[in-house]
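Have a look at the structure below before the remarks.
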Amino acid sequence: QVQLVESGGGLVQAGGSLRLSCAGSGSIFSINGMGWYRQAPGKQRELVAVFTSGGHTTYAASVKGRFTISRDNAKNMVYLQMNGLKPEDTAVYYCNADPPFLRVVGGLKYPYWGQGTQVTVSS
(Lines give C-alpha, C1' and ligand atoms only; values in the text may rest on other atoms or scores of the structure.)
Protein backbone atom coordinates (compact mmCIF):
# COMPACT_ATOMS: atom_id res chain seq x y z
CA GLN A 1 0.00 0.00 0.00
CA VAL A 2 1.01 3.62 -0.42
CA GLN A 3 0.86 6.53 1.99
CA LEU A 4 0.99 10.17 0.98
CA VAL A 5 1.24 13.01 3.50
CA GLU A 6 0.86 16.58 2.28
CA SER A 7 1.83 19.67 4.27
CA GLY A 8 2.68 23.32 3.92
CA GLY A 9 -0.68 24.86 3.16
CA GLY A 10 -2.03 27.93 4.87
CA LEU A 11 -3.61 31.34 4.49
CA VAL A 12 -1.77 33.84 2.33
CA GLN A 13 -2.58 37.15 0.69
CA ALA A 14 -2.84 37.46 -3.06
CA GLY A 15 0.62 37.74 -4.58
CA GLY A 16 2.18 35.69 -1.81
CA SER A 17 3.99 32.36 -1.91
CA LEU A 18 3.73 28.94 -0.33
CA ARG A 19 5.74 25.76 -0.62
CA LEU A 20 3.88 22.49 -0.33
CA SER A 21 5.56 19.23 0.61
CA CYS A 22 4.55 15.63 0.03
CA ALA A 23 6.09 12.63 1.74
CA GLY A 24 5.52 9.32 0.02
CA SER A 25 6.00 5.81 1.35
CA GLY A 26 4.83 2.25 0.85
CA SER A 27 5.64 -0.75 -1.24
CA ILE A 28 4.13 0.59 -4.45
CA PHE A 29 5.24 4.20 -4.12
CA SER A 30 7.38 5.56 -6.90
CA ILE A 31 8.45 9.16 -7.21
CA ASN A 32 8.31 8.91 -11.00
CA GLY A 33 5.10 10.27 -12.41
CA MET A 34 4.17 12.14 -9.22
CA GLY A 35 2.18 15.30 -9.41
CA TRP A 36 0.03 17.80 -7.56
CA TYR A 37 -3.74 18.04 -7.82
CA ARG A 38 -6.14 20.52 -6.33
CA GLN A 39 -9.85 20.60 -5.61
CA ALA A 40 -11.73 23.81 -5.01
CA PRO A 41 -15.17 23.81 -3.36
CA GLY A 42 -17.82 22.64 -5.80
CA LYS A 43 -15.28 21.80 -8.49
CA GLN A 44 -13.68 18.63 -9.74
CA ARG A 45 -10.17 17.72 -8.73
CA GLU A 46 -7.64 18.86 -11.34
CA LEU A 47 -4.02 18.02 -12.02
CA VAL A 48 -1.93 21.20 -11.84
CA ALA A 49 1.66 19.95 -12.08
CA VAL A 50 3.23 16.59 -12.86
CA PHE A 51 6.49 14.87 -13.69
CA THR A 52 6.21 13.12 -17.02
CA SER A 53 8.50 10.50 -18.51
CA GLY A 54 12.13 11.48 -18.65
CA GLY A 55 11.75 13.79 -15.69
CA HIS A 56 10.03 16.52 -17.68
CA THR A 57 7.29 18.61 -16.10
CA THR A 58 3.86 19.68 -17.28
CA TYR A 59 1.68 22.39 -15.77
CA ALA A 60 -1.93 23.38 -16.10
CA ALA A 61 -2.33 26.60 -18.05
CA SER A 62 -3.77 28.33 -14.98
CA VAL A 63 -0.56 27.87 -12.97
CA LYS A 64 2.15 27.83 -15.61
CA GLY A 65 4.87 30.33 -14.85
CA ARG A 66 3.81 30.65 -11.20
CA PHE A 67 4.07 27.11 -9.81
CA THR A 68 7.13 24.84 -9.87
CA ILE A 69 7.15 21.15 -9.05
CA SER A 70 10.33 19.55 -7.75
CA ARG A 71 11.39 16.37 -6.01
CA ASP A 72 14.02 14.80 -3.80
CA ASN A 73 14.41 11.22 -4.97
CA ALA A 74 16.49 10.15 -2.00
CA LYS A 75 13.86 11.31 0.46
CA ASN A 76 10.78 10.34 -1.56
CA MET A 77 9.60 13.94 -1.32
CA VAL A 78 7.73 16.01 -3.88
CA TYR A 79 7.34 19.77 -3.57
CA LEU A 80 5.20 22.49 -5.13
CA GLN A 81 6.50 26.04 -4.99
CA MET A 82 3.62 28.42 -5.55
CA ASN A 83 4.36 32.06 -6.30
CA GLY A 84 2.08 34.88 -7.31
CA LEU A 85 -0.86 33.22 -5.65
CA LYS A 86 -4.36 34.29 -6.66
CA PRO A 87 -7.70 33.88 -4.88
CA GLU A 88 -8.68 31.33 -7.55
CA ASP A 89 -5.80 29.13 -6.35
CA THR A 90 -7.75 28.50 -3.15
CA ALA A 91 -8.26 24.75 -2.87
CA VAL A 92 -7.20 21.60 -1.08
CA TYR A 93 -3.97 20.40 -2.66
CA TYR A 94 -3.08 16.73 -2.96
CA CYS A 95 -0.05 14.91 -4.26
CA ASN A 96 -0.49 11.65 -6.14
CA ALA A 97 0.66 9.75 -9.15
CA ASP A 98 -0.88 10.26 -12.59
CA PRO A 99 -3.05 8.22 -12.69
CA PRO A 100 -3.59 8.07 -8.92
CA PHE A 101 -2.38 5.17 -6.81
CA LEU A 102 -4.97 2.50 -6.02
CA ARG A 103 -5.72 0.89 -2.68
CA VAL A 104 -7.36 -2.47 -2.17
CA VAL A 105 -10.30 -2.32 0.20
CA GLY A 106 -12.49 -5.36 0.65
CA GLY A 107 -11.06 -6.91 -2.47
CA LEU A 108 -11.88 -3.86 -4.60
CA LYS A 109 -9.51 -1.20 -5.87
CA TYR A 110 -10.15 2.47 -5.14
CA PRO A 111 -8.11 5.59 -5.90
CA TYR A 112 -6.12 6.52 -2.83
CA TRP A 113 -5.84 10.13 -1.67
CA GLY A 114 -4.01 11.58 1.30
CA GLN A 115 -5.61 14.15 3.56
CA GLY A 116 -4.45 17.05 1.41
CA THR A 117 -3.39 20.49 2.57
CA GLN A 118 -5.62 23.56 2.47
CA VAL A 119 -4.42 26.64 0.60
CA THR A 120 -6.46 29.78 1.04
CA VAL A 121 -5.57 32.96 -0.83
CA SER A 122 -7.24 36.16 0.31
CA SER A 123 -7.78 39.12 -2.01
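The values are calculated or read from the model by the stated rules, or taken from the named source; none is laboratory data. Quick caveat, the model's predicted, so the values are computed rather than measured. Glycine also receives a Cβ, built like all others from the backbone with ideal geometry; neighbour counts cover every protein chain displayed. Just the protein is used for accessible areas: all its heavy atoms, side chains included, with ligands, DNA and RNA removed. Shrake-Rupley method; radii C 1.70, N 1.55, O 1.52, S 1.80 Å.
Miscellaneous remarks
- Per residue, the accessible area of the chain comes to 53 Å² when a 1.4 Å probe rolls over the protein heavy atoms.
- Residue list for the stretch 80-103, given a label point 7 angstrom along the Cα-to-Cβ vector of His56 and an amide N cut-off under 19 Å: 98-99
- For q = 0.09, 0.17, 0.21 Å⁻¹, Debye-computed log10 I/I(0) when each Cα of the chain counts as one equal scatterer: -0.23, -0.81, -1.20
- Sequence-separation-based contact order of the stretch 1-113, relative, with Cα cut under 8 Å and 6+ spacing, percent: 30 percent
- Protection proxy ranking, highest mean first, for peptides 85-96, 70-81: 85-96, 70-81, where packing is the per-residue count of other beta-carbon atoms within 10 Å, averaged.
- Counting Lys and Arg as +1 and Asp and Glu as -1 over every other residue whose Cβ lies under 13 Å from the Cβ of Phe29, the net charge comes to +3.
- Accessible-area order (highest first, 1.4 angstrom probe) of the listed residues Tyr59, Tyr37: Tyr59, Tyr37
- Percent accessible area from carbon and sulfur atoms, the chain, protein chains only, probe 1.4 Å: 51 percent
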